[in-house]
Amino acid sequence: MTKIYAEIIGTMILVFLGNGVVANVILSKTKGHEDGGWLTISIGWSLAVFMGILVSAPYSGAHLNPSVTIGLAIVGKFNWDLVPYYIISQFIGAMLGSLLVWILYKDHFLETKNEQDKLSVFATIPSIKNFFSNFLSEVFATFVFVFVSFFLTEELIFLNEKKYSIVKLGFLGAFPSALIVLGIGLSLGGTTGYAINPARDLGPRIIHSIIPIPGKGKSNWNYAFIPVLGPIVGSIIASVLYLFFFL
């Protein structure tokens, strides 16, 4: 259960801070309204990843993303029996994180008139709606994220035949993952908003659909399958290629 709790809390922190920076930039009358734009959002999301991993890594491995969980299971680095529990935990954490964003920025949601801006705080919206190219964008971005993440490993020092010590980087161990997300956001995120995480998009989208936000508009459910299926497909491709070339 410690692993489950860690995934819930880690994903909650990830989404709370990640969607929080979107709210700070997009919603009306915030201190950060339109000051930094995409650069601020990309940096904020990468720091959200850093802090989510920092909290949960010692206990669950800090997947925080169904694409990561599935990818690790495919390459044999994670037990398939635990996959459903991790994914459910990640969705719960994402929903809680987005709920906290709404509570924190509730007054600013009331001040914001644009329906799409309100939805953007919860879920991704493509710059140009084209299901095929939007799907490819999520596949490519998640492929890069998962494939590169496979190379973030810890070195083992064997002390004797039965015992070994793991060389850890402390809080710096979460830094490479944050840099990967930052790089993807700056380079590949302009088309769809780079969900690269089914829980990060679908969980908050569910919250958007059920909480009473005045003038919130629709939750764009006809697009919702893109940030769910795209990252999963990208993760599978990355995992298969990693198995073929490196294992």
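When the helices in the chain are scored as -39500 (n - 2.57) per DSSP H run of 4 or longer and the sum is shared across all residues, what 222 nm value do you end up with, to the nearest 500 deg cm²/dmol?
-21500 deg cm²/dmol
Karplus couplings for the stretch 58-64 from phi (6.51 cos²θ - 1.76 cosθ + 1.60, θ = phi - 60°), rounded to Hz, Gly and Pro as x?
My calculation for the stretch 58-64 gives x, 10, 10, x, 6, 6, 6 Hz in order.
For the stretch 111-154 and the stretch 1-71, what is the centre-to-centre distance using only Cα atoms, to the nearest Å?
For the stretch 111-154 versus the stretch 1-71, the Cα centre distance is 14 Å.
Could you work out how far apart the two model spin labels at residue 111 and residue 128 are, taking each label as a point 7 Å from the Cα in the direction of the beta carbon, and quote it in nm?
Between residue 111 and residue 128, the label points sit 3.4 nm apart.
Considering only the other residues whose Cβ falls under 14 Å of the Cβ of residue 226, what net charge follows from Lys and Arg at +1 and Asp and Glu at -1?
Here the charged neighbours net out to +1.
To test your reading of the geometry: what angle, between 0 and 90 degrees and rounded to tens, separates the Cα axis of helix 175-188 from the longest principal axis of the chain?
50
Short version: ³J(HN,Hα) in whole Hz for each residue of the stretch 221-237, in order, from phi by Karplus 6.51 cos²θ - 1.76 cosθ + 1.60 (θ = phi - 60°), x for Gly and Pro, what are they?
5, 5, 9, 4, 6, 5, x, 9, 6, x, x, 5, 4, x, 5, 5, 4
Rg and Dmax in Å for the stretch 1-122, alpha carbons only: what are they?
15.7, 49
Write down Rg/Rh for the chain, rounded to two decimals, with Rg from the C-alpha atoms and Rh from the Kirkwood relation over Cα pairs.
0.99
Using a 10 Å Cβ count of at most 15 others and DSSP loop calls, identify the longest part of the chain lacking such GluC sites (Glu not before Pro).
It runs 35-153.
If packing is taken as the mean number of other Cβ atoms within 10 Å per residue, what is the order of 200-210, 62-72, highest first?
Final packing ranking: 62-72, 200-210.
Counting only pairs 8 or more places apart or on different chains, how many lysine pairs in the chain have C-alpha atoms closer than 20 Å?
Close lysine pairs under the 20 Å cut-off: 20.
About the Cα centre, and with charges only on the beta carbon of Lys, Arg (+1) and Asp, Glu (-1), how big is the dipole of the chain? Nearest 20 debye, please.
Approximately 260 debye in magnitude.
I'd like the trypsin sites (Lys or Arg not before Pro) in the stretch 1-87 restricted to DSSP loop residues with at most 16 other Cβ atoms within 10 Å, sorted by number.
Of the trypsin sites (Lys or Arg not before Pro), the ones in loops of the stretch 1-87 whose Cβ has at most 16 other Cβ atoms within 10 Å are 29, 31, 77.
So what is the relative contact order of the chain, in percent, for Cα pairs below 8 Å that sit 6 or more residues apart?
Worked out over the chain, it gives 29 percent.
How far is helix 131-149 tilted off the main Cα axis of the chain, in degrees rounded to 10, range 0 to 90?
Approximately 40 degrees, to the nearest 10.
Since every read-out is calculated from the coordinates, none of them should be taken as a lab result. Since this is a predicted model, take the numbers as computed values, not measurements. Using ideal geometry, Cβ is built from the backbone for each residue, glycine included, and neighbour counts are taken over all protein chains shown.
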